[in-house]
1. In terms of the Cα gyration tensor, with a ≥ b ≥ c the square roots of its eigenvalues, is the stretch 176-300 rounded because a/c is under 1.5, prolate because a/b exceeds b/c, or oblate?
2. Tabulate in residue order the Karplus-calculated ³J(HN,Hα) for the stretch 86-96, using 6.51 cos²θ - 1.76 cosθ + 1.60 with θ = phi - 60°, rounded to whole Hz; enter x for Gly and Pro.
3. Report the gain in length on full extension from residue 274 to residue 36: 0.36 nm times residue separation, minus Cα-Cα distance, nm rounded to one decimal.
4. Specify which residue in the list 211, 75, 88 is farthest towards the positive end of the charge dipole of the chain, using unit charges on the beta carbon of Lys, Arg (+1) and Asp, Glu (-1), about the Cα centre.
5. Hey, what do the phi angles of the stretch 56-64 turn into as Karplus ³J(HN,Hα) couplings, whole Hz, using 6.51/-1.76/1.60 and θ = phi - 60°, x for Gly and Pro?
6. What is the Å³ per residue value for the convex hull set by the Cα atoms of the stretch 100-211?
7. Please report the orientation-averaged projected area of the stretch 23-180, defined via the convex hull of its C-alpha atoms, in nm².
8. Based only on other Cβ atoms within 10 Å, what is the fewest-to-most ordering of 70, 121, 161, 209?
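Read-outs throughout are calculated quantities, based only on the coordinates presented, and are distinct from any laboratory measurement. Quantities reported herein were computed from a predicted structural model and do not represent experimental measurements. As a convention, Cβ positions derive from the backbone with ideal geometry for all residues, glycine included, and neighbour counts pool all protein chains shown.
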Amino acid sequence: MFGAHPPLFHDAQTVRRWTIGLIGIGLASALVLEHLWPEGQLVLAVALIAAVGLQHGALDHILHAHMHGDPEGPLRQSFALPYIAAIGLCWVAFEWAPPVMLGVFLLASAYHFGMSHLRVDAMAGRSPATRIGGLVMGLAILAPLITRPDALTVLRDFGWDLDAGFGGRNLPLQLTSASALILAATLHSTWRNGLLALCGVVLAWCVDDLLLAFALYFAIAHSREAFFEEFQERQSTSTSFGALYLRSIPLTVAFAIMAAAVMWSAQQAIISERTALGFLLAGTLPHIAVLEGWVTARLR
């Protein structure tokens, strides 16, 4: 995985085949853990997020600097302070207007997820990524994951009640899954990526643990494919993927410590579970804004 030209990062088509295969392996692992070691589902989810997901965000300062003409990408105050302040402002906003901020988070995340995949597809020689295509792809993947019965409980904490009052507890998941099938068919006719668009449906229905269902997509599909795009586009930053990955570790540790402190505060009832989750969601919004080019900070 960490060589100059590792198999998982050889080309876009190889990356996509590995994505589908690794999701299949992750799904099989989740089913085994569900029957033999239910607590292991949480362990696997945390391991995936810690080993892959956090590093994806911890490269933001390097990628931002390289995108704006500084190939070395040291962590500068002109980037770090506004970035940290933005996380804090988003966290306050989640407390002040949780329903609105949840909607902003879901739309931004769907767009970011979908665009990360379409950019990889474009590198495989398909049509250029479009914003509407990215949003459609992201919604097809994300909607089933957030309408599982256990996920709806979390949404209610933020003021979203999607219970129609009829049709049973699985009705929202059934509706979003059917919509995802239609969207996947549309995307497949254009991008030939229908299997990826359906992974949210499969994970939502087949993985017992909510966090693991999300972690399998977030780490194996989104973060991993984003790593490929980042490495291919920024090879003057690091000539090997391993070197790029290792440069993410310092901020990964810092983010992990912050998240652990917030989770500990929730366990000790110092803050509510919704507030703790709001922090984790708020932490992703500056990442999306930076990677999608919606904001920029001074490099000096």
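1. Because a/c hits 1.5 or more and a/b fails to exceed b/c, the stretch 176-300 counts as oblate.
2. Residue by residue, the stretch 86-96 yields 5, 4, x, 5, 5, 5, 4, 5, 4, 6, 7 Hz.
3. Computed gain between residue 274 and residue 36 is 82.6 nm.
4. Of the candidates, 75 comes out farthest on the positive side.
5. Couplings: 4, x, 6, 8, 4, 5, 5, 5, 4 Hz.
6. Looking at the stretch 100-211, the number lands at 99 Å³ per residue.
7. 12.7
8. 161, 70, 209, 121
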